[in-house]
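*Asks:* One structure, as C-alpha cells, below. Some questions next.
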Amino acid sequence: MKKHKKIILAVIYTFSLVLILIYPVNRIVRIDFPSEEPVEMKFKVVLRDPYDPMRGRYVVLNVEPDRIPAGKVQGDIQWRDKAYMVLERDEKGFGKPVRVTKDRSSIKDGEIFVRVKNVWQTYSQRNDKKEYNLQLPFDRFYLNEFKAPQLEKELQYVTRKFDMVLTVKFFRNGLWAVSNLEKISKIN
C-alpha cells in the first residue's frame, strides 16, 4: 500500500473515532458540568430484583406517578409515540406530572420535562375516567457489585408497597441523571 493511502486511511479512522466519541463525551460534560443547577425530585418506587447474569446487578423500578388523567394530555398520543412529561416539584420534593405533550416546542423555558418511553390509554375503574399510563425512562438502577447483596436482603423485608424513594436530577433540555435510591421509614 502506498504511503498516501495509509495516511488517508489513518485520517478516516481518526475522524470516525472522534465522531463516535462526541455524543457520550458531550452528554457526560453536560451532566457533570451543567450550565444551571439541576432540580432534584423524588419518586416513589416499587422494586423488583430480576436475576440477569448478562446485564449485571440491577433492580427494576416501577416509578410513580405512572398515570395521568386524559385531560392533562395535549395532542393525540398513540402507543410508541414520542411524548414529553412536564413535571413540577411539590412541597415534599416529590415530582408530580403537570401535563404530557407530544410536541416539544409547547414546553416553555424553565419547565422541567422528561421524555417518556411508552404512553398508552386505559380506562380507570377507580374513578370511571380515561387515563394515560406512561413509562418513565429511569426504570433500572444498576448497583455496585459489593452493595447489591445488602439491597437484596433489604428487599426481602419490604413491608409496604412504597418503601423506596428514587432521587433524580433534572437538567435543561430534558437530560436527567439518577442520583440516589434509598429506603425510607415513612412516605405520606
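The values are calculated or read from the model by the stated rules, or taken from the named source; none is laboratory data. The model shown is predicted, which means the values in this text are computed figures rather than measured ones. Reconstructed Cβ throughout: ideal geometry from the backbone, glycine too, with neighbour counts over all protein chains shown. For the accessible areas, the whole protein counts, side chains as well, though only heavy atoms, and no ligand, DNA or RNA atoms are used. Shrake-Rupley method; radii C 1.70, N 1.55, O 1.52, S 1.80 Å.
*Asks:* Excluding ligands and nucleic acids, what accessible area in Å² is computed for ASP76 using a 1.4 Å probe, to the nearest 10?
*Replies:* 100 Å²
*Asks:* Give the accessible area for ARG57 in Å² (nearest 10); use a 1.4 Å probe, count only protein heavy atoms, and leave out ligands, DNA and RNA.
*Replies:* In the full protein context, ARG57 sits at about 70 Å².
*Asks:* Please report the Cα spread of the chain along all three principal axes, rounded to whole Å, starting with the longest.
*Replies:* 75, 44, 32
*Asks:* Please determine, in degrees from 0 to 90 and to the nearest 10, the orientation of helix 3-32 with respect to the longest principal axis defined by the Cα atoms of the chain, where the helix direction is its Cα long axis.
*Replies:* 20 degrees
*Asks:* Can you give me the % of accessible surface on the chain that is carbon or sulfur? Probe 1.4 Å, all protein chains present, nothing else counted.
*Replies:* Whole-percent figure for carbon plus sulfur exposure: 53.
*Asks:* I would also like to ask the following. May I ask you to derive the FRET efficiency for SER179 and LYS3 from their Cβ-Cβ distance with R0 = 35 Å, giving the value to the nearest 0.05?
*Replies:* 0.10
*Asks:* How big is the stretch 35-116 along each principal axis, measuring the range of its Cα positions in Å and listing the largest first?
*Replies:* Result for the stretch 35-116: principal-axis Cα extents of 42, 32, 27 Å.
*Asks:* Next up: About the Cα centre, and with charges only on the beta carbon of Lys, Arg (+1) and Asp, Glu (-1), how big is the dipole of the chain? Nearest 20 debye, please. Present the calculation step by step, with values, prior to reporting the outcome.
*Replies:* On the way: 36 positive and 24 negative charges, 147 e Å.
About 700 debye.
*Asks:* Given a 1.4 Å probe and heavy atoms of the protein chains only, how would you sort TRP120, TRP176, largest accessible area at the top?
*Replies:* On the way: TRP120 90, TRP176 65 Å².
Largest accessible area first, the list is TRP120, TRP176.
*Asks:* Using heavy-atom solvent-accessible surface (probe 1.4 Å) with all chains present, what is the largest-first order of TYR13, TYR58?
*Replies:* Reading off the accessible areas and sorting them downward yields TYR13, TYR58.
*Asks:* Using a probe radius of 1.4 Å on heavy atoms only, what accessible surface per residue do you get for the chain? Whole Å² is fine. Before the final figure, lay out each step's value.
*Replies:* On the way: 13030 Å² over 188 residues.
Using a 1.4 Å probe on heavy atoms only, each residue of the chain averages 69 Å².
*Asks:* Can I ask one more? When all protein chains stay in place, what accessible area (Å², nearest 10, 1.4 Å probe) is found for GLU88?
*Replies:* Its accessible surface works out to 80 Å², give or take rounding.
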